[in-house]
Amino acid sequence: MSGFVLSICGLHETAAPPRWDAPCFAWFNEATGIKSHPGNDFSVNRPWWTLTARTPALRSRTMSLPGTGSRSKARRSRPTSQSAHDFPATLCVLDLVVDRSVVSAAKAALIGGVCLATMALVPNVAAAKGKGEESLEEAGFFDPRKRQPPATHRFRLGLSVYYVRLSAAVDPATGESQRFHYAPLGLSAAYQAQFARWMMVRPELVLGANVANTMEAMPLLIHPQLHLGYQGSVMGVAFGYGWFSPPIQNKDAISDVRDGLGQPVITNNHHLGGEVSVTTRVDRGALSFQFRVHGVKSRTQHFELDNKRWRPMIMVNLGWYFGNGDKQRKRAASRKLDRRRRRR
């Protein structure tokens, strides 16, 4: 049988030739029921293990004690049967051979038991950790390494830029055409309120000036908007609606600086679209980047042109959320703790 061998050796001094009824083999005889005889080796075979008993007879040799000098060496004396230092001895050797499959099964069972014990302990540890975190949060302490949910109320101040491609005009004298664009740059102020933990609503107002080649026809911008959607600790997705109409409109105005042709105006602009945002906490505030793609329906007036149509509009906003919500979370934790105390 190929497997792992475990040998157990014991040296028993006797005054007679080695016998199987020596104390070191008595338990073997009783366990196996084998009536052993002096000088014989016996083994017990089982399907998964084999136990073998060997009794080699040894005779010890007397060792003389070293002298008192530093260079004295032990001298090996010739053994004699009459020497007072000679004694017969019996070396008891038990060889236990275990099959490899049994050892492998035992290892697998041990590993499985350790895994099951670990899996049973993990939920308890996680629950204890969660209870500890809840108690700390109720006391007003929060882990700064963890991203907290967005604050319930936040004020946002940002810088917005829009772009809309408008109509073109042709110079009848030279035959050259000129394309016009609408690109207002403005300051946005918004208030964002969280509800249902991860949902938000954000009204916003943008005040700005047109910096494209239609600035003489539409110099200013007043733009209210409303967005509703999901806002997580980092990412946000929202659907928005807005309306704007230039407060100052000079149809077919010509720039005194750039010359060119008459410029168009767009009025009564309604737009719908989506927004994707990324918010990163920085110290006591949060830096926010928003990218929006909307479709705007407007009335375009340019020379003889006067129509209503949909156009794509791209909006980019970079802003700052004031406050990180620590005071609000502490107040909420304090109210929760007070409610629990009143229940008790």
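The values are calculated or read from the model by the stated rules, or taken from the named source; none is laboratory data. Model, not experiment: these values are computed from the prediction. Please note: Cβ atoms are built from the backbone with ideal geometry, for glycine as well, and neighbour counts cover all protein chains shown.
So the values come out like this:
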read-out: Which listed residue, of 193, 238, is modelled with pLDDT of 95 or more and either within 44 Å of the chain's Cα centre (by Cα) or in the same structural domain as residue 292 (by TED's automatic domain parsing) (or both); value: 238
read-out: Sole residue being in the same structural domain as residue 249 (by TED's automatic domain parsing) and over 45 Å from the mean Cα position of the chain (by Cα), chosen from 166, 228; value: 166
read-out: Qualifying residue in the range 152-159 (condition: touching a Pro at 6+ places or on another chain (Cβ under 6 Å) and either closer than 25 Å to residue 251 by Cα or not acidic (Asp, Glu) (or both)); value: no
read-out: Total residues in the range 209-225, condition surrounded by fewer than 19 Cβ atoms within 10 Å (Cβ to Cβ) and either outside any loop (DSSP other than H, G, I, E, B) or not assigned by TED's automatic domain parsing to the domain that holds residue 270 (or both); value: 4
read-out: Top-ranked residue in the range 159-202 [being outside any strand (DSSP E or B) and among the aliphatic types (A, V, I, L, M); ranked as nearest to residue 222 (Cα to Cα)]; value: 183
read-out: Long-range neighbours under 8 Å by Cβ, at least six apart or interchain, first residue hydrophobic (A, V, I, L, M, F, W, C) within the range 231-257, second not in a strand (DSSP E or B); value: 234/147; 248/218; 248/219; 253/216; 253/217; 254/216
read-out: Boolean, residue 271 is touching a residue at least 60 places away in the same chain (Cβ under 8 Å), assigned by TED's automatic domain parsing to the domain that holds residue 211 and surrounded by 21 or more Cβ atoms within 10 Å (Cβ to Cβ); value: no
read-out: Residue match in the range 175-191 (condition: surrounded by 14 or more Cβ atoms within 10 Å (Cβ to Cβ), touching a Pro at 6+ places or on another chain (Cβ under 9 Å) and either farther than 20 Å from residue 312 by Cα or of a type in the set (A, V, I, L, M) (or both)); value: yes
read-out: Lone unmet requirement of (1) crowded, with 17+ Cβ neighbours inside 10 Å; (2) of a type in the set (S, T, N, Q); (3) part of a loop (DSSP other than H, G, I, E, B) for residue 250; value: (1)
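Let's see how each residue does on (1) touching a strand residue (DSSP E or B) at 6+ places or on another chain (Cβ under 9 Å); (2) modelled with pLDDT of 95 or more; (3) not basic (Lys, Arg):
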{"position": "272", "(1), (2), (3)": "yes, yes, yes"}
{"position": "276", "(1), (2), (3)": "yes, yes, yes"}
{"position": "279", "(1), (2), (3)": "yes, no, yes"}
{"position": "283", "(1), (2), (3)": "no, no, yes"}
{"position": "291", "(1), (2), (3)": "yes, yes, yes"}
{"position": "297", "(1), (2), (3)": "yes, yes, no"}
{"position": "302", "(1), (2), (3)": "yes, no, yes"}
